[in-house]
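Just so it is clear, none of the values below were taken in a lab; they were calculated from the coordinates. It should be emphasised that the depicted structure is a prediction, and the values quoted were computed from it without experimental measurement. Using ideal geometry, Cβ is built from the backbone for each residue, glycine included, and neighbour counts are taken over all protein chains shown.
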Amino acid sequence: MRDDFPGLAGGWHYLDSAATAQKPQVVIDATVRAMGADYATVHRGVYARSANMTLAYEAARERVAQFIGGKADEVVFVRGATEAINLVAQSFPKKGRVLLSVLEHHSNIVPWQLAGWQVDVCPLTADGCIDLDAAEKMLTPEHTMVALAHVSNVLGSTLDCTRAADLAHRVRARLLLDGCQAVPRMAVDVAALGCDFYAFSAHKLYGPTGIGALWGRAALLEAMPPWQGGGSMIDKVSFERTTFASAPTRFEAGTPAIVEVLALHAAIDFVESIGLAAIHAHETRLVGQLREALRARNDITLFGPEDAAGIVSFAMDGVHPHDLGTILDEPGPDGTSVAIRAGHHCAQPLMAHLGVSATARASFGLYSDADDVAALMAGIERTRRIFG
């Protein structure tokens, strides 16, 4: 698949897809077309091109809903998962206690704090999964929300979502899932998962930045007030009183990210043309190859479960991850370089739990291959020679 991705030209070994995925040509083409020959505003113009663009925009909403097993009137377009979680944290009418986990991304921690929720933290199992046995003991009727990562952005561990939903619902809490690392590599059906909210960003799904989606149960969205005001989200406005549109429109204030929404549609079509099962199987093989190669060394500490989804986090004895990442970025003997993520990965509480300040993270995409693994291992050996 590498030839479909202009950003990978020249043999670059890109192993940072968990941060943001490279874009296939079809998504780039959709962006150019939407910004150029097809461009017009949506929901406002009475002229033909605006009407056509509005139809395309709402068709993208239908496509997102189909992709995750929801309904179109349950899909809110947002700037990304970060905005989606902020929206729920701010607008959910029954603020109380929220149960998070140690491995959450900052985007699933800070919004709850800012909105005034009382935060409780679920521990992890020994292999880096969210400990749902502990969650069961921790949950009380005071909890009105449980918010967990479907797949960890550091460890690649996958949540047992159906059990998490059952535990949340036993105490009448709602379950929000951060699906950023799940949607690029596994089929998602929100009805089967049993969650109440699901959030994801397009740019990790081979789509553009600045757009994502929040799915929420229709009754819950209708009970939530808007959290931003402006055009489009209103019913009637006067200086004395404003009434608001129904969900999801009430949560989409202002001119939307028209071009990005259409490009997201193209990204979903692209991913599904390949097949999420095939993508997941491909990445699983690469994770296994890399973990086996790293385990063969005596200077590497591996984090996370063996069946990590598309992600391998590790530390190298005596070498800071930033140093490793810098050396890997320098061209090797074959003239190519390797890009990994090095740092706390917006998961500082997890770093504290692991007892490190940072990790090195290699994350795969559908365009990754065994040559990327080999290049990374060669770069690690080169780093060891430098550091001794």
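Give me the one-decimal nm value for the distance between modelled label points at E292 and D29, 7 Å along each residue's Cα-to-Cβ direction.
Using points 7 Å along Cα→Cβ, the separation is 3.7 nm.
For K23, go through the lysines and keep the ones whose alpha-carbon is under 16 Å away, minus same-chain ones fewer than eight residues off.
Cα-Cα hits under 16 Å: K204.
Take each of the peptides 62-70, 84-92, average the number of other beta-carbon atoms within 10 Å over its residues, and list them starting from the highest. Provide the component values of the computation, followed by the final result.
On the way: 62-70: 19.2, 84-92: 23.7.
Peptide ranking by packing, descending: 84-92, 62-70.
P(r) tail for the stretch 67-210, what percent of Cα pairs lie past 22 Å?
Value for the stretch 67-210: 32 percent of Cα pairs lie more than 22 Å apart.
First obtain the Kirkwood hydrodynamic radius of the stretch 276-387 from its Cα pairs, then insert it into the Stokes-Einstein equation at 4 °C and 1.567 mPa s, and state the resulting D in µm² per second as a whole number. Present the calculation step by step, with values, prior to reporting the outcome.
Values: Rh = 14.4 Å.
Rounded to a whole number, D works out at 90 µm²/s.
Work out how much length D38 to R172 would gain on full extension: take 0.36 nm times their residue separation and subtract the Cα-Cα distance, in nm to one decimal.
Working: separation 134, 0.36 × 134 = 48.24 nm, distance 4.64 nm.
Computed gain between D38 and R172 is 43.6 nm.
Round to the nearest 0.05 the FRET efficiency obtained for T125 and A218 when R0 = 41 Å and r is the Cβ-Cβ distance.
Taking R0 as 41 Å, the efficiency between T125 and A218 is 0.75.
Within straight cross-link reach of K236, meaning Cα distance under 19 Å, which lysines are found once same-chain residues fewer than 8 apart are removed?
The qualifying lysines are none; the list is empty.
Only helices at least 27 Å long along their own axis, judged from Cα atoms, and with Kyte-Doolittle mean hydropathy of 0.0 or greater: name those in the chain from DSSP H.
Within the chain not a single helix satisfies the rule.
Only counting other Cβ atoms within 10 Å, I'd like W112, W12, W117 sorted with the fewest neighbours first.
Ascending Cβ contact count within 10 Å gives the list W12, W117, W112.
Using a Förster radius of 25 Å, what is the FRET efficiency between V237 and K71 based on their Cβ-Cβ separation? Nearest 0.05, please.
0.35
Quote the FRET efficiency, to the nearest 0.05, computed for S246 versus D371 with a Förster distance R0 of 51 Å and r equal to the Cβ-Cβ distance.
Values: r = 51 Å, r/R0 = 1.00.
Step by step, r from the Cβ atoms, then E = 0.50.
Taking the Cα of L55, stepping 7 Å toward and past its beta carbon, and measuring to each backbone N in the stretch 1-30: which are under 20 Å?
Once the point is set 7 Å along Cα→Cβ of L55, 30 turn out to lie under 20 Å by backbone N, inside the stretch 1-30.
Which of the GluC sites (Glu not before Pro) across the stretch 229-296 are loop residues per DSSP, with 15 or fewer other Cβ within 10 Å?
E240
If you stretched the chain out fully between D307 and T162, how much longer would it get, using 0.36 nm times the residue separation minus the C-alpha to C-alpha distance?
That works out to 50.3 nm of additional length.
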